[in-house]
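All of the numbers you see were taken from the coordinates with simple rules; none came from a lab. This one's a predicted model, so the numbers in the text were calculated from it and none came from an experiment. All Cβ positions, even for glycine, are placed from backbone atoms using ideal geometry, and neighbour counts span all protein chains on display.
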Amino acid sequence: MNDPREHVNEEPRNDLIDTGVGFLGMFGFMLLLAVAATVIQLLMH
């Protein structure tokens, strides 16, 4: 019987780095959208 506390199927990843990369990626995407929306809004006037 396997002990469920062994976590043998868990992938060796750094959760902090994964979270940071995800946050920065989403932040960059949203920043790009905001800049594009601002430029479009300024060009419409």
If the chain between VAL21 and ILE40 were fully stretched, how many nm would it gain, using 0.36 nm times the residue separation less the Cα-Cα distance? 4.0 nm
Could you work out the helix-only [θ] at 222 nm for the chain, with each DSSP H run of four or more residues adding -39,500 (n - 2.57) and the total divided by the number of residues, to the nearest 500 deg cm²/dmol? -24000 deg cm²/dmol
Sequence order, the range 6-12: Karplus ³J(HN,Hα) from phi using 6.51 cos²θ - 1.76 cosθ + 1.60, θ = phi - 60°, Hz rounded, Gly and Pro as x, gives 6, 6, 6, 8, 6, 7, x
Nearest 10 degrees, 0 to 90: what angle lies between the long axis of helix 15-44 and the longest principal axis of the chain (Cα atoms)? 10 degrees
Using alpha carbons only: equivalent-ellipsoid semi-axes of the chain, gyration tensor based, whole Å: 45, 8, 5
Positive end of the dipole of the chain, charges at C-beta (+1 Lys, Arg; -1 Asp, Glu), about the Cα centre: which of HIS45, LEU31, VAL8 has its Cα farthest in that direction? HIS45
For ASP3 and MET30, what is the calculated FRET efficiency with R₀ set at 30 Å and r taken between the beta-carbons, to the nearest 0.05? 0.10
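Can you compute the charge dipole magnitude of the chain about its Cα centre, using +1 on each Lys and Arg Cβ and -1 on each Asp and Glu Cβ, nothing else charged? Give it in debye, rounded to the nearest 20.
380 debye
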